[in-house]
Amino acid sequence: VVLVFILSIASLVIYFIDASKDGVEHCQPWSVNTTQQIDLAFNIFFMVYFFIRFIAASDKLWFMLEMYSFVDYFTIPPSFVSIYLDRTWIGLRFLRALRLMSVPDILQYLNVLKTSSSIRLAQLCSIFIAVWLTGAGIIHLLENSGDPLDFTNAHPLSYWTCVYFLIVTMSTVGYGDVYCHTVFGRTFLVFFLLVGLAVFASWIPEITEIVGNRSKYGGEYKRSHGRRHIVVCGHITYESVSHFLKDFLHEDREDVDVEVVFLHRNEPDLEFEGLLKRNSTCVEFFQGTMFNSVDLERVKVHEADACLVLANKYCQDPDAEDAANIMRVISIKNYSDDIRVIIQLMQYHNKAYLLNIPSWDWKRGDDVICLAELKLGFIAQSCLAPGFSTMMANLFAMRSYKTSPDMSPWQDHYQQGSGMEMYTEALSPAFVDLEFSETSALCFSKLKLLLLAIEVKNEEGTDSKIAINPKATKIQPNTQGFFIAQSADEVKREMELRPDMRERDCSVRGSMRAAEAGP
């Protein structure tokens, strides 16, 4: 089908070349007419394709009455007749323009058009252009040939002049600089205008409505080379997004080249738009829903590092909110089962429903954050250790510490502590074969970093766990450490620790132990 369309357009281009010349008929031998030779080759292919379609057609009569069959009737035979007569005639080759009406079908076949509005817009535009070019071809043939019997009143017009004349006439402007001289040309123009005004007058508003209703957030995410992205959906409002971006894009985090793509059903309001514009270098917003695979394709969910589903913390019905977010997860997993999903849930008992999703895998990074569970857990731990919830809130909240001469010492120390966060980083090769206690002491004395825990792998290396303060455990290569520090840049400094600094510090501490032990 695509090949037939391409050859039809090529044949139409040859017609444009021949129609740009003066007259519609020339006494020129076929052997020296290059365009006619190329057009004959195309028509031989069209003839073979016509007979193949005729044999395969279930209803032969209906096939003979199809529009494209009539196009072949009027365009294929003249190519063979011109060989016998050694004459070139424009004929009805302009009917090949009707093949343009198959553009929407081809674009759907190539998976270019996916939405109903884009398909309808392509149909209207292709029909409009096809009828316009075909009508111009009829005017060109009738005016250049003259009225039948004597053909004495021929009116020389180029094809492109006819195209201009027809579009001006269709728009009801009619400048009067070009008009039909022949009776047949005027008669055709009257009927064309009667039909055209009725049809095009209804199509133009529909085209305008389709184009005008296209949202500026209805495009497709273009992933930059070398940049990763995450998709955020669920409860998307100015408040939730501003809090998310304030933490995700905080200056204390390492400079990770990750774009945040938001997908929501409704367009953002003016306040939300301002937030998006202020973070336009790393944030994009698209209008759509997670329940539509076309929208998931638009935001490139299958290429994303992760997909985050935000919950409405102030909802009236927590179970309904959890049900909607779980359905979003099901839709995402059905589209791409290996995508990492992190979901917020309001109620603890709804976590069990996630286990019914076949592709939900905790080991692959899928995770759930239960807000009620966190609140109750903080309350319970605060009963056992007063101040625990405040300490954890300070660790997880991204804050920047800045000294101020107006603060009292205790306030300055508290602000310094609340400005610290927890970070993960691979331990330097200089720590290999050292015990955790020695590594933690080195990090604190040399780098002012607090090492809390490390990732310990089993002997096979297939599974791992987080060990908090494993004093006697020795550090292995590529071990992940969990630090408390002011920023990610401070944590990265531990990778710069040299082995000679380690040995010097260890020797000093060894001498101190020996001195303390005494003779």
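Rule-based calculations on the coordinates, nothing more; no lab input. The structure displayed is predicted, hence computed values, not measured ones. Counting neighbours? That spans all protein chains shown, and the Cβs are built from the backbone with ideal geometry, glycine included.
For the stretch 2-212, the square roots of the Cα gyration tensor eigenvalues, ordered a ≥ b ≥ c, give a/c of at least 1.5 with a/b no greater than b/c, which places it in the oblate category. What you get for the chain, charging only the Cβ of Lys and Arg (+1) and of Asp and Glu (-1), is a dipole of about 240 debye around the Cα centre. Calculated [222 nm] ellipticity per residue, helices only, for the chain: -16000 deg cm²/dmol; basis is -39500 (n - 2.57) per DSSP H run with n ≥ 4, divided by all residues, nearest 500.
Give the calculated FRET efficiency between Cys315 and Asp463 to the nearest 0.05, with a Förster radius of 56 Å applied to their Cβ-Cβ distance. Given R0 = 56 Å and the Cβ-Cβ separation, E is 0.90. I want the local charge near Ala323. Using Cβ-Cβ distances under 14 Å, sum +1 for each Lys or Arg and -1 for each Asp or Glu among the other residues. Summing Lys and Arg as +1 and Asp and Glu as -1 gives -2. Within the stretch 303-323, which residues have the backbone N less than 12 Å from the label spot 7 Å out from Ala380 along Cα→beta-carbon, could you tell me? It comes to no residues whatsoever.
Working from Cα pairs under 8 Å separated by at least six residues, relative contact order for the chain is 8 percent.
Each eigenvalue of the Cα gyration tensor of the stretch 228-377, multiplied by 5 and square-rooted, gives one semi-axis; in descending order these are 23, 18, 16 Å. Each residue, Ala352 and Asp147, gets one label point 7 Å from its Cα in the Cβ direction; the gap between the two is 9.1 nm. When Rg and Dmax are taken over the Cα atoms of the stretch 52-176, they come to 18.1, 54 Å. Taking 22 Å as the limit for the C-alpha separation, the pairs Lys446/Lys474; Lys446/Lys492; Lys375/Lys465; Lys363/Lys457; Lys277/Lys313 exceed it in the case of Lys375/Lys465; Lys277/Lys313. Full extension of the chain between Val13 and Asn394 yields a length gain of 130.1 nm, computed as 0.36 nm times the residue separation minus the alpha carbon distance. Spin-label pair Trp30-Lys492: with each label point 7 Å from Cα along the Cα-Cβ axis, the two points sit 7.5 nm from one another. The angle separating the long axis of helix 2-19 from the principal Cα axis of greatest extent in the chain is about 50 degrees. Karplus-derived 3J(HN,Hα) values for the stretch 228-237, using 6.51 cos²θ - 1.76 cosθ + 1.60 with θ = phi - 60°, are 9, 8, 10, 10, 10, 9, x, 7, 10, 9 Hz; glycine and proline are entered as x.
Simple rule: put +1 on each Lys or Arg Cβ and -1 on each Asp or Glu Cβ in the stretch 311-418, find the dipole, and look at Pro318, Met407, Ala385; the Cα lying farthest toward the positive end is Met407. Using the alpha carbons alone, the radius of gyration of the stretch 10-75 stands to its Kirkwood radius in an Rg to Rh ratio of 1.08.
Tell me, what is the FRET efficiency for Lys474 and Val2 to the nearest 0.05, using R0 = 60 angstrom and their Cβ-Cβ distance as r? So, using R0 = 60 Å, E works out to roughly 0.40. Taking +1 at the Cβ of each Lys and Arg and -1 at the Cβ of each Asp and Glu, which of Val283, Leu345, Ala122 sits farthest along the dipole of the chain towards its positive end, judged by Cα position relative to the Cα centre? The residue sitting most towards the positive pole is Ala122. Remark: the stretch 159-313 is approximated by an ellipsoid whose semi-axes, taken from the C-alpha gyration tensor as √(5λ), come to 53, 16, 14 Å, largest first.
Phi angles across the stretch 142-153 convert, under the Karplus curve 6.51 cos²θ - 1.76 cosθ + 1.60 with θ = phi - 60°, into 3J(HN,Hα) values of 5, 6, 6, 8, x, 6, x, 6, 9, 6, 9, 9 Hz, Gly and Pro given as x.
Of the residues Leu100, Val131, Cys27, the one whose Cα sits farthest toward the positive end of the charge dipole of the chain, with +1 on the Cβ of Lys and Arg and -1 on the Cβ of Asp and Glu, is Cys27.
Computed over the stretch 167-247, the alpha-carbon pair-distance distribution with 5 angstrom bins reads 3, 9, 11, 12, 10, 8, 7, 6, 5, 7, 7, 6, 5, 3, 1, 0, each value a whole percent.
The packing ranking, built from the mean of other Cβ atoms within 10 Å per residue, places the peptides 62-72, 408-418, 306-316 in the order 306-316, 62-72, 408-418, highest first.
A Förster distance of 56 Å, applied to the separation of the beta-carbon atoms of Phe444 and Arg227, puts the FRET efficiency at 0.95. The label point for Ala57 and the one for Leu110, both projected 7 Å from the Cα toward the Cβ, are 2.7 nm apart.
Relative to the longest principal axis of the Cα atoms of the chain, the long axis of helix 318-335 makes an angle of roughly 60 degrees.
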